[in-house]
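Quick notes on the structure that follows.
Derivation of every value follows stated rules applied to the coordinates shown; laboratory data play no part. Model, not experiment: these values are computed from the prediction. Positions of Cβ are generated from backbone atoms using ideal geometry, with glycine treated the same way; all protein chains shown enter the neighbour counts.
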Amino acid sequence: MSAAVHSHIADAIKAPDLVQLGPNLYVARFETMKVYSTLVAVERLLASGRIRPGATLMDSSSGIYAYALALACHKYGLNCRIVGSKTVDKTLMVQLRILGATVEQVEPQATLKLDQSLRVARIRELMAADPELHWMQQYHDEIHYCGYEPVAELIANGVRGAPLSLIGGVGSGCSTGGLACALRERAGEVELIGVQPFGSMTFGCEHIEDPGIIIAGIGSSIPFRNVRHALYDQVHWVSFDYGLSGAVALLREHALFAGLSSGCCYLVAQREARLHPERNVVFLAADTGHRYVDGVFARFDEALALDDLQPAPVERLDQLRLPWSAMRWNRAAFEPALSPVSADAAQPAAAH
């Protein structure tokens, strides 16, 4: 069998590998998620004339989206500018700069909300000074949904024979939202389960801070328009300690070295697969574990046994509590910017 030959490394790493971990449990394992969707977004922007050859694309990111955008710009001969925080790890920073990206880091802030707000304010300053810059707006421009259609096709073709449950970190909303929309067109009734950190306002949990760290990549402290709340059937809020336990278990049990958000998703997915043997459960592993070696995997002796961990079922947002809460969201509408902790928009029945 001949191997595919790609013209750019981004094309080689954009698609996930599907791995079966149990009778009805699967993982879509990305080397770095968002490459596929970013490539499609940039390609469509060029084709539509919204950006011109040689343009400078800019966005706020301190993680995998920054890398995805740098790769896309490298492939298409565009300039890349990233406004990030001081938390950008050295490995990523070196790669971004060698790839030709201009990386600007804002000063450290006391909270994620201040950090994200400062980054957006800096982008607005740069846009005002140079209107030719194109702000990609991964959190708000729905073009980022388009790139998940091929991933949905891969999952639908690879996981058959039973109703599907999809589990992933919410973050910008595009990966889980885009996949759910495309899968529901292809595979019928698909259950979507979103995973959030404590402290994230996206689903109304800004009133509870994680004593460990906020898992920033799957949460937010500012509203994201690309999060379509009415797509989600369940939401699970997972603490850093439980996410660490999930990431260590994923490596120990399945030799799968993935990031902290993947550990959170595995924690939820293995329980869902056990409770619902009649369904196929697929969770998203967004990146590898390399940047979490010191903060997560070096602390493997702190990991808890997953069989001993259970979520607290809640019916209202003011009942949320550490270290793991679960709620039947039932595709309710929600407005984070207006969210009191008892938001009327999200009070369906408790999670099973």
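Can you give the angle from 0 to 90° between the axis of helix 260-275 and the longest principal axis of the chain, with both taken from C-alpha atoms, to the nearest 10?
So the helix axis and the longest Cα principal axis differ by about 30 degrees.
Kindly list the residues of region 162-184 that lie in the label zone of Glu142, defined by a backbone N under 20 Å from the point 7 Å along the Cα-to-C-beta vector.
Answer for this model: 170-184.
Convert 20 °C to kelvin, take the viscosity as 1.002 mPa s, use the Kirkwood radius over C-alpha pairs of the chain as Rh, and evaluate the Stokes-Einstein diffusion coefficient in µm²/s, rounded to a whole number.
105
What longest range of the chain stays clear of loop-exposed GluC sites (Glu not before Pro) (DSSP non-H/G/I/E/B, at most 11 other C-beta within 10 angstrom)? Don't jump to the answer; show the numbers that get you there.
Details: sites that count: Glu132, Glu189, Glu278.
The segment 1-131 is the longest one with no such site.
Please give, to one decimal in nm, the separation of the simple spin-label points placed at Ala305 and Ala129, each 7 Å out from Cα toward the Cβ.
For the pair Ala305/Ala129, the computed spacing is 5.7 nm.
Decide, for region 206-312, between rounded, prolate and oblate: order the square roots of the alpha carbon gyration tensor eigenvalues as a ≥ b ≥ c, take rounded if a/c falls under 1.5, and otherwise choose prolate if a/b is larger than b/c, else oblate.
Oblate.
If R0 is 41 Å, what FRET efficiency do you get for Arg279 and Lys86 from their C-beta distance, rounded to 0.05?
So the FRET efficiency works out to roughly 0.45.
Please arrange Trp135, Trp329, Trp324, Trp237 by counting, for each residue, the other beta carbons lying within 10 Å of its beta carbon, fewest first.
On the way: Trp135 18, Trp329 24, Trp324 21, Trp237 31.
Sorted ascending by nearby Cβ count, the order is Trp135, Trp324, Trp329, Trp237.
In whole angstrom, note down how far apart the Cα centers of region 207-236 and region 247-265 are.
20
By the gyration tensor of its Cα atoms, with a ≥ b ≥ c the square roots of the eigenvalues, what is the shape of region 107-198: rounded for a/c under 1.5, prolate for a/b over b/c, or oblate?
oblate
Suppose only helical runs count, i.e. DSSP H with n ≥ 4. What mean residue ellipticity at 222 nm does that imply for the chain under -39500 (n - 2.57) per run, divided by all residues and rounded to the nearest 500 deg cm²/dmol?
Rounded to the nearest 500, it is -10000 deg cm²/dmol.
Viscosity 0.692 mPa s, temperature 37 °C: what is the translational diffusion coefficient of region 292-335 from Stokes-Einstein with a Kirkwood Rh over Cα pairs, rounded to a whole number of µm²/s? List each step's numbers first, then the result.
Working: Rh = 13.2 Å.
D = 249 µm²/s.
Between Glu315 and His290, with labels modelled 7 Å along Cα→Cβ, what's the label distance in nm to one decimal, could you check?
For the pair Glu315/His290, the computed spacing is 4.9 nm.
Specify whether the C-alpha gyration tensor of region 184-224 places it in the rounded, prolate or oblate class, a ≥ b ≥ c being the square roots of the eigenvalues: rounded for a/c under 1.5, otherwise prolate if a/b is larger than b/c and oblate if not.
It is prolate, given that a/c is not under 1.5 and a/b is the larger ratio.
So what's the convex hull volume per residue for the Cα atoms of region 35-135, in Å³?
Looking at region 35-135, the number lands at 92 Å³ per residue.
What Cys residues in the chain are without a partner cysteine, judged by a Cβ distance under 4.7 Å?
Cys146, Cys174, Cys181, Cys205, Cys264, Cys265
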